[in-house]
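Comments concern the structure below.
The values are calculated or read from the model by the stated rules, or taken from the named source; none is laboratory data. Note that the structure is predicted; figures quoted are calculated from it, not measured. We place every Cβ from the backbone using ideal geometry, glycine too, and count neighbours over all the protein chains shown.
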Amino acid sequence: MASTETAPKPLRARPLSPHLGIYRFTLTMAMSIAHRITGIGLYIGVLLLAWFLVAVSSDASAFATFTGFIRSIIGRIFLFGFTWALFHHMLGGIRHFLWDAGYGLDDPQREYLAQATLIGGFALSLIVWVIGYAVR
């Protein structure tokens, strides 16, 4: 009686998909990572907003604690970071919307959009803060 078992096939090297070691790091990649980080930052900023709403609806001491934090240097840095995250994430979303529509996918436009996202986020944040201090 003959054996029906077949010999195992020799193992071949599996093809490797491209990874970070193959691609050079670009500004577009950095902005993609920053878009995800600012999304996380926006969640943290919503906690700050929730703290504000709870403090407003509570007594005067709770609101004094909140305003004491917000008026401190750490609170202002946190607020500026939240403002920057908001604008950077918004501009990153607009950039992705343009890409979904088929615009800005070529080489120089892709880099220009990444630069505009980075510079625009800081510029819009500074404009809002300058207006805020001018009105105050």
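Of all the helices (runs of 4 or more DSSP H) wholly in the range 59-136, which have at least 3 residues that are in contact (Cβ under 8 Å) with a residue 40 or more places away in the chain and either surrounded by 14 or more Cβ atoms within 10 Å (Cβ to Cβ) or of a type in the set (Gly, Ala, Ser) (or both)?
73-100, 107-135
What number of residues within the range 37-58 satisfy the criterion of being surrounded by 14 or more Cβ atoms within 10 Å (Cβ to Cβ) and among the hydrophobic types (A, V, I, L, M, F, W, C)?
Selection size over the range 37-58: 5.
Those residues that are small (Gly, Ala, Ser) and either at pLDDT below 95 or closer than 25 Å to LEU113 by Cβ (or both), I need them from the range 32-52; list them, please.
Listed by number, the residues that qualify are SER32, ALA34, GLY39, GLY41, GLY45.
When you check PHE25 against the structure, is it of a type in the set (Phe, Trp, Tyr) and assigned to a loop (DSSP other than H, G, I, E, B), yes or no?
So PHE25 fits the description; yes.
When the residues of the range 22-31 are narrowed to those that are within 25 Å of THR117 (Cα to Cα) and without any contact (Cβ under 8 Å) to a residue 12 or more places away in the chain, which ends up surrounded by the most Cβ atoms within 10 Å (Cβ to Cβ)? Give the steps one after another, and end with the answer.
At the first step, the residues of the range 22-31 found to be within 25 Å of THR117 (Cα to Cα) are 23-31.
Those still in the list that are without any contact (Cβ under 8 Å) to a residue 12 or more places away in the chain too: 23-25, 29.
Working: TYR23: 9, ARG24: 6, PHE25: 9, MET29: 13.
Top of the filtered list is MET29.
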